[in-house]
């Protein structure tokens with residue numbers, strides 16, 4: 001073992017690394033974005049409209065393509081690859097509906113390189129229409145991704161804009177004439 005091998009490291013030499021890792025874990029797990037929207041449709045119609053994954057690229061400006069990887073096309077267990085343009089580049093993630101509570105909402109999860117993403121959609125009747133809540137978060141799963149999450153925290157504004165654009169697209173789709 002050389003002088004820099006972990007077996008020779010003293011507890012005092014490792015402590016700063018552990019503190020940084022804990023700090024990165026706290027900061028990284030705080031990357032969640034909650035956005036709300038309202039549309040004139042009932043929750044059941046809203047859920048039916050936004051769970052139509054196959055036609056998502058036609059109504060969601062942020063989605064370029066969708067390819068199913070499961071036989072299930074809607075509801076719990078539905079899996080698909082979704083391609084979006086992020087930071088000027090195509091990014092494809094495999095998504096899965098992991099919770100489905102019609103007409104109240106559903107949860108989509110995806111494992112990216114070093115990150116587990118979770119998006120939750122909630123639909124609540126508020127008398128005048130439906131309140132749509134979309135919560136998006138990413139949980140780093142490796143030490144490197146935790147450190148990168150701290151360094152890229154200023155980019156969370158672009159994630160917020162993407163979530164806001166998705167909600168605006170949903171609203172436009174659900175409130176279009178004839179829907």
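Considering only region 108-120, I want to know if a residue exists there that is surrounded by fewer than 14 Cβ atoms within 10 Å (Cβ to Cβ) and within 13 Å of the chain's Cα centre (by Cα).
Keep residues of region 108-120 that are surrounded by fewer than 14 Cβ atoms within 10 Å (Cβ to Cβ), which gives 111, 113.
The next check asks that each one be within 13 Å of the chain's Cα centre (by Cα); those that pass are 111.
Within region 108-120 (the criterion being surrounded by fewer than 14 Cβ atoms within 10 Å (Cβ to Cβ) and within 13 Å of the chain's Cα centre (by Cα)), the answer is yes, since at least one residue qualifies.
Does any residue of region 111-133 turn out to be touching a strand residue (DSSP E or B) at 6+ places or on another chain (Cβ under 9 Å), closer than 26 Å to residue 79 by Cβ and part of a helix (DSSP H, G or I)?
Residues of region 111-133 touching a strand residue (DSSP E or B) at 6+ places or on another chain (Cβ under 9 Å): 111-112, 114-126, 128-133.
Right, trim to closer than 26 Å to residue 79 by Cβ and you get 111-112, 114-123, 132-133.
Subsequent filtering for residues that are part of a helix (DSSP H, G or I) retains none.
No, that holds for no residue.
Given the options 157, 75, 88, 138, name the one that is under 16 Å from the mean Cα position of the chain (by Cα) and surrounded by fewer than 13 Cβ atoms within 10 Å (Cβ to Cβ).
On the way: 75 fails: under 16 Å from the mean Cα position of the chain (by Cα); 88 fails: under 16 Å from the mean Cα position of the chain (by Cα); 138 fails: surrounded by fewer than 13 Cβ atoms within 10 Å (Cβ to Cβ).
Exactly one of 157, 75, 88, 138 is under 16 Å from the mean Cα position of the chain (by Cα) and surrounded by fewer than 13 Cβ atoms within 10 Å (Cβ to Cβ), namely 157.
Name every residue in region 95-107 that is in a strand (DSSP E or B) and either surrounded by 15 or more Cβ atoms within 10 Å (Cβ to Cβ) or on the phi > 0 side of the Ramachandran plot (or both), in order of residue number. Lay out the reasoning, then the answer.
Step one: of region 95-107, the residues in a strand (DSSP E or B) are 95-101, 105-107.
Scanning region 95-107 gives 95, 96, 97, 98, 100, 105, 106, 107.
Mind listing whichever residues of region 121-135 are without any contact (Cβ under 8 Å) to a residue 40 or more places away in the chain and surrounded by fewer than 16 Cβ atoms within 10 Å (Cβ to Cβ)? Walk me through how you get there before you give the answer.
So the first thing to find is which residues in region 121-135 are without any contact (Cβ under 8 Å) to a residue 40 or more places away in the chain, and the list is 122, 127.
Correct list: 127 only.
For region 69-94, how many residues meet the condition of being on the phi > 0 side of the Ramachandran plot and in contact with a strand residue (DSSP E or B) (Cβ under 9 Å, 6 or more places away or on another chain)? Before the answer, list the steps.
Filtering region 69-94 down to residues on the phi > 0 side of the Ramachandran plot leaves 75, 77, 87-88.
Going one step further and asking which of them are in contact with a strand residue (DSSP E or B) (Cβ under 9 Å, 6 or more places away or on another chain), we end up with 75, 77.
The total comes to 2.
Going residue by residue through region 149-168, is there one that turns out to be in contact (Cβ under 8 Å) with a residue 12 or more places away in the chain, closer than 17 Å to residue 51 by Cβ and part of a loop (DSSP other than H, G, I, E, B)?
no
Which of the residues belonging to region 160-171 are surrounded by 16 or more Cβ atoms within 10 Å (Cβ to Cβ) and out of contact with any strand residue (DSSP E or B) (no Cβ under 8 Å at 6 or more places or on another chain)?
Passing the criteria: only 169.
Take region 116-134 and flag every residue that is over 19 Å from residue 55 (Cβ atoms) and modelled with pLDDT of 90 or more. I'd like the intermediate steps shown before the answer.
Within region 116-134, the subset over 19 Å from residue 55 (Cβ atoms) is 116-118, 120, 122, 124-131, 133.
Of everything in region 116-134, those that are over 19 Å from residue 55 (Cβ atoms) and modelled with pLDDT of 90 or more turn out to be 116, 117, 118, 120.
Can you tell me which residues in region 91-106 are closer than 13 Å to residue 120 by Cα and within 17 Å of the chain's Cα centre (by Cα)?
Result: 95, 96, 97, 98, 99, 100, 105, 106.
Whether any residue in region 54-63 is at pLDDT 85 or above, out of contact with any helix residue (DSSP H, G or I) (no Cβ under 7 Å at 6 or more places or on another chain) and in a strand (DSSP E or B) is what I want to check. I'd like the intermediate steps shown before the answer.
First, pick out the residues of region 54-63 that are at pLDDT 85 or above: 54-63.
Checking the rest, the ones that are also out of contact with any helix residue (DSSP H, G or I) (no Cβ under 7 Å at 6 or more places or on another chain) come to 54-58.
After this cut, where a residue has to be in a strand (DSSP E or B) as well, the list is none.
Taking every residue of region 54-63 in turn, none turns out to be at pLDDT 85 or above, out of contact with any helix residue (DSSP H, G or I) (no Cβ under 7 Å at 6 or more places or on another chain) and in a strand (DSSP E or B).
The values are calculated or read from the model by the stated rules, or taken from the named source; none is laboratory data. Keep in mind it's a predicted model, so treat the numbers as computed, not measured. For neighbour counting, all protein chains shown are included, and Cβ atoms are generated from backbone atoms with ideal geometry for every residue, glycine included.
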